[in-house]
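One structure coming up, written as C-alpha cells, with questions to follow.
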There are 2 protein chains.
Amino acid sequence: MSFPCLDNLDERTRKLTARRSSESGPEPSYTSGKHETFHSSHPFLLDWGGVLPSFDIAYEAWGRLNADKSNAILLHTGLSASSHAHSTESNPKPGWWERFIGPGAPLDTDKYYIICTNVLGGCYGSTGPSSINPLSGQPYGTSFPILTMEDMVRAQFRMLDGMGINKLYASVGSSMGGMQSLAAGVMNTDRVGRIVSVSGCARSHPYSIAMRHTQRQVLMNDPAWSETRGNYYSSLPPHAGMKLARQIATVTYRSGPEWEKRFGRQRADGSKPPALCPDFLIETYLDHAGEKWCLEYDANSLLYISKAMDLFDLGKQLQDATRQRRQENVGKLQHLPTQEEVSSQCTLTVPDQPYEETDASSADAMASEAENSNSPTSSPGVPPEDLVKGLAPLRDTPTLVLGVASDILFPAWQQREIAATLRKVGNRSVTHVELGEDRSLFGHDTFLLDLEGVGGEIKRFLG
Amino acid sequence: MSFPCLDNLDERTRKLTARRSSESGPEPSYTSGKHETFHSSHPFLLDWGGVLPSFDIAYEAWGRLNADKSNAILLHTGLSASSHAHSTESNPKPGWWERFIGPGAPLDTDKYYIICTNVLGGCYGSTGPSSINPLSGQPYGTSFPILTMEDMVRAQFRMLDGMGINKLYASVGSSMGGMQSLAAGVMNTDRVGRIVSVSGCARSHPYSIAMRHTQRQVLMNDPAWSETRGNYYSSLPPHAGMKLARQIATVTYRSGPEWEKRFGRQRADGSKPPALCPDFLIETYLDHAGEKWCLEYDANSLLYISKAMDLFDLGKQLQDATRQRRQENVGKLQHLPTQEEVSSQCTLTVPDQPYEETDASSADAMASEAENSNSPTSSPGVPPEDLVKGLAPLRDTPTLVLGVASDILFPAWQQREIAATLRKVGNRSVTHVELGEDRSLFGHDTFLLDLEGVGGEIKRFLG
C-alpha cells in the first residue's frame, strides 16, 4: 500500500532541512504583512508570576479617531489571527474580517476607529515565544512565561494608554476574542462603553479543554518539538504536529450537519480502492486545512495561547486569587527573576495517582442525580453564583451576546450562561441572540462567514 | 519548564527498546486471555478484492445451545473489543459487557446461547494485520487487504456454518457492533430472527469519518509507524501515536455535560502553576485513558477497522457495486494474488487539486438553502431513497434501534434515520428508543454503562 500523506510530510521535512542548512541567517519570522507596533519598555507582570522585561504589540487600525478620542473600538481576535482584520494601504491583502469592517459595514469606519491587535503570546509581530528574549538574546521558546487572557487584555490597555485613548466606545470580539471582550469590561469597567461577545464564553468548559489538550499533545509529540522540548527555532519547525493539530481544530470549528450537506460520503476518487491516507472528501478537506496552516503559525504560540484559553474563568474566586498572586509578585517588577528562577517555578502538576472512575459516576447514580440537579445544558436560567459575583462589574455595561446553535466548541449554552449571568447581576441592557440551525450550520466558524447573521446584529447593537 | 508527559513517553520507548533487544523471541501477541478459535482453511474473498488464504476467528460463548440450535445470539463488538464480553471458566476476568450477560440478565444465559467474536482484522485472536501471513511467513502489516464491516460479518457466518447454526435468534450489537448487527440482517435475511442495534448507524457520516481520520493520522505520524510504514512488528510499537489516538477517541466517546459535572474546571493540583503537559483533571483523565490502552491493541488493527467503519453504507448503490466487484474478483479464490499484485492495487486516491471552498458554501447561500432543504437533523421522517432500497431486506425482521441524545459520535439522528427507514420499508416491528439527557449524559459510552436504560430495553425486546 502507498502512503502519499506520509511521503508528503517526508518531502517537506527534507526541503525544510535542506533550506535551513543552506541558510546562515536566523529563522524567518512569521508575518501577516505590514503593521504598526506599540512598544512598552517597562517590565510587565503576568498573572501567574512571570515577568516580561519589555514587550511589543502589533496592531492595525481603520477609520479615524475623533477629536475627543471617544469613538475607538477594540477588536479582539480568535486564537491564531493576526492584527490584519481588514486590508490597509500598506497591506492590501484581505483581512480575516474583511467584509465586517468598512464604510457602512458592521464595524463602520465612517463612525468608528477600529483597532485590532495581535495578542501578547502570538507570533504576528507581538511578543511571544518565538520572540527574542532581550535578557538572553535567544528566542524565548518554552522559557516564555505562562500567560492568561487577562494578561493579553492588560497589554492591549497599555497600548491604549500610549494612544491616549481613555475609554473605548466598544470592546468587540469573537471566539477567544469573545472571552477577551468580556474580560476587558470586567477589568476596566470605566473604560469600556459596551461589549460585543460572539461565540465566546465566561469560563472554559472541560470539553473545550479536552479538544485543545489533544491538539497540544499531538503537537508536542512531533519529534521536532519533543526532541527540542519546544526550542526548535534553530532547527526544524514541528510542521507535521502543527498539521495534525490544525486538522483536529478544524473538526471543532465546523459542524456535522454542514459536512453532511457539503461532503456527505463522497470519496475523493470512488474508482480507486480505499486508502489509509486521506480518501473521503472530508479527509482531503481536513488534510488541506492542515497543509495551509502548518508553517503559517508558531507552534509555541499555539501552545501558550490555547493554554491561556483553558485557564479562562471570570468567576470571582479566580479573580480574587489572581489579584492576590499579583500583589505577592509585584516586587518582581523591580528585581526581574533570572532564567533559572523562571524555570524552577514551572514544575510538574500531574498527580501521582492517575484519575480513576468512581462509583458515583456509574450510570444509575448519574441518572438519578440528573433528576435532582442542574446540568449546564438544562438550567440556562440558573447561573453559578461564583460567576454572578465575577461579572458584577458589568452591571451597567450594555452587552450583546451572540451564540450559534451548531457550535460544538463554544456551545450555545455558554452564551446563554453569559446572558443569564449578566441579567442576574442586574444588567438591563443585555441583548442575547442565538442563531439556530435554520440560520447557520457553520458551527463555531459562523462568526467568520455570516455577514448578515453576525454582522447585522453587531451593526444594530453598536448603532 | 518541565514536560513530564514527554519524559514518560521517552522512558517507555527506552524500556520497550531495551526489552526488545534483550529478547530473541517474536513480538508478544496481543491477548485478552483464553478463547475458542474457529479456523477456516478456505480462501476468503474480501469486498475490495483482497483475498485471505485462510483465517481464524476468536470467539467465546455463554449459556447452552439448545437441541435445534435455535437460541443462538450473535453479539457484535465495538471497534477495539475482544470476544471477552463476559467472564468464563477459563478466563474469569470480567468482560466488557459483564453485567449485561448472565442468568436473568439482558442477554439471558438461561434462555440463550450468546456468542461473541473478535472481528476479522482485530488483534485478539482473529486474523488481522498483526497475524502471520501464511504465504510470506511474516506479519501482514500494511499488506493486509482493506476490509469492510460486511467482510467481518461474512467471516462470522462462516463460523456459524461451522457450528451448524443455521438461524440466529438475534443479532445484537452496539457502536460498530450496531452497524454489523444491521448488516448481518441485510446480508442474511433468512438467518437473522431479530436485530438489536444500539448507538450504531446505517451509514457513516462525515463528522465520524473526520474524527476517525484524525486518530489515524496521529497514529501514522508516530515515527515508529511512519518510518516503518506500518511494518513495526519487529521493532518498536507506535505507543505514543496509539496513546494520542485513544485520547481523541475518548473525547468522542463521552459528552461535555458529563464532564462538566464530573471534572468541571478542577485542576489536578491548583496550588502549582499551570503546565503545558496535562494540568486540568479532564486532561489527566484523557492521559490516563491513553496510557491504559497504548500497548493493549495493535495499531494496524485500529487503522483497518476504523477505515472499515468509514466505508460502511447500507445504501443500495454501494451494495450493488460491491456485489458486482465481488463477481469480478471471484476468480481470485482459485488463483491467489501475489504480494506484488496486492501492493500495486492499493494506489493513491488523493486528488491533485486540494479541496477548495466554493462560493456555494458561503453563509448566506447556506442560510437560504437551509430554508428549502432538509438537513439530516431536521428531517428524521424523510430517509434517503437509496437507504430505503438498501434496507428493504429487513422488512420482516423485528428490530430494536436505540440511541442516546448525548452521543456525538453516532448522534441520535442516525438511529432515528435507521428507524424511519425501516418503517418506510414497511417494517411494522420497529422499536425505537432514544435515551434523553435526563437519562444519560454518558454519550456514546452509554451502551457500556447503563444497565437499565440500555440493557432493560434489550431484555424487554428479546423476550
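Can you pull out the residues in segment B:122-155 that are part of a loop (DSSP other than H, G, I, E, B), within 18 Å of B:L75 (Cα to Cα) and touching a Leu at 6+ places or on another chain (Cβ under 7 Å)? Working first, answer last.
Here is the first cut: in segment B:122-155, the residues part of a loop (DSSP other than H, G, I, E, B) are B:122-131, B:133-138, B:140, B:144-148.
Next, from what is left, pick out any that are within 18 Å of B:L75 (Cα to Cα): B:122-126, B:148.
B:S126, B:T148, listed by residue number.
Give the residue that is nearest to the chain's Cα centre (by Cα), with candidates limited to residues of segment B:273-311 that are of a type in the set (D, E) and part of a helix (DSSP H, G or I).
Narrowing segment B:273-311 to residues of a type in the set (D, E): B:279, B:283, B:287, B:291, B:296, B:298, B:310.
If we keep only those that are part of a helix (DSSP H, G or I) too, we end up with B:283, B:287, B:291, B:310.
Working: B:E283: 25, B:D287: 22, B:E291: 20, B:D310: 10 Å.
Top of the filtered list is B:D310.
Here's the yes/no breakdown for (1) open to solvent by less than 10 Å² (accessible area, probe 1.4 Å); (2) within 17 Å of B:G185 (Cα to Cα); (3) of a type in the set (A, V, I, L, M, F, W, C); (4) not in a helix (DSSP H, G or I):
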residue	(1), (2), (3), (4)
B:L400	yes, yes, yes, yes
B:D407	yes, no, no, yes
B:F410	yes, no, yes, yes
B:Q414	yes, no, no, no
B:L422	yes, yes, yes, no
B:R428	no, yes, no, yes
B:E437	no, no, no, yes
B:S440	yes, no, no, yes
B:H444	yes, no, no, no
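Go through segment A:161-190 and count every residue that is in a helix (DSSP H, G or I) and open to solvent by less than 10 Å² (accessible area, probe 1.4 Å). Break it down stepwise before answering.
Here is the first cut: in segment A:161-190, the residues in a helix (DSSP H, G or I) are A:161-163, A:176-187, A:189-190.
Checking which are open to solvent by less than 10 Å² (accessible area, probe 1.4 Å) leaves us with A:176-185.
Result for segment A:161-190: 10.
Another one. Only one of A:T31, A:T37 is open to solvent by 40 Å² or more (accessible area, probe 1.4 Å), at pLDDT 95 or above and of a type in the set (V, I, T). Can you tell me which?
On the way: A:T31 fails: at pLDDT 95 or above.
Step by step, each of A:T31, A:T37 is checked, and only A:T37 is open to solvent by 40 Å² or more (accessible area, probe 1.4 Å), at pLDDT 95 or above and of a type in the set (V, I, T).
So, one more: Residues B:G50, B:G63: which one is among the small types (G, A, S), out of contact with any His (no Cβ under 6 Å at 6 or more places or on another chain) and open to solvent by 20 Å² or more (accessible area, probe 1.4 Å)?
Working: B:G50 fails: open to solvent by 20 Å² or more (accessible area, probe 1.4 Å).
Residue meeting the stated conditions: B:G63.
Among the residues of segment A:180-209, how many are within 15 Å of A:M309 (Cβ to Cβ), within 14 Å of chain B (Cβ to nearest Cβ) and within 15 Å of the chain's Cα centre (by Cα)?
Of segment A:180-209, the ones within 15 Å of A:M309 (Cβ to Cβ) are A:180-183, A:197, A:199-209.
This time we only want the ones that are within 14 Å of chain B (Cβ to nearest Cβ), so: A:199, A:201-209.
After this cut, where a residue has to be within 15 Å of the chain's Cα centre (by Cα) as well, the list is A:199, A:201-205, A:208-209.
Looking only at that region, the number is 8.
Residue-by-condition table, conditions (1) in a loop (DSSP other than H, G, I, E, B); (2) open to solvent by 10 Å² or more (accessible area, probe 1.4 Å):
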site	(1), (2)
B:L75	no, no
B:T88	yes, yes
B:G95	yes, yes
B:L120	yes, no
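Return yes when B:R158 is open to solvent by 20 Å² or more (accessible area, probe 1.4 Å), touching a strand residue (DSSP E or B) at 6+ places or on another chain (Cβ under 7 Å), in a helix (DSSP H, G or I) and farther than 19 Å from B:G390 by Cβ and no when it is not. Please lay out each step first, then the result.
Numbers: open to solvent by 20 Å² or more (accessible area, probe 1.4 Å): yes; touching a strand residue (DSSP E or B) at 6+ places or on another chain (Cβ under 7 Å): yes; in a helix (DSSP H, G or I): yes; farther than 19 Å from B:G390 by Cβ: yes.
Judged against the criteria, B:R158 is a match.
For the condition more than 7 Å from chain B (Cβ to nearest Cβ), surrounded by fewer than 20 Cβ atoms within 10 Å (Cβ to Cβ) and of a type in the set (S, T, N, Q), what is the one hit in A:T228, A:T252? Before the answer, list the steps.
On the way: A:T252 fails: surrounded by fewer than 20 Cβ atoms within 10 Å (Cβ to Cβ).
Result of the check over A:T228, A:T252: A:T228.
Does segment A:289-316 hold any residues that are within 12 Å of chain B (Cβ to nearest Cβ) and among the acidic types (D, E), and which are they?
A:E291, A:D310, A:D313
The values are calculated or read from the model by the stated rules, or taken from the named source; none is laboratory data. For clarity, every value in this text was computed on a predicted model and none was experimentally measured. Every residue, glycine among them, receives a Cβ derived from its backbone with ideal geometry; neighbour counts consider all protein chains shown. We work out accessible area using only protein heavy atoms, side chains counted, and drop any ligands, DNA or RNA first. Shrake-Rupley method; radii C 1.70, N 1.55, O 1.52, S 1.80 Å.
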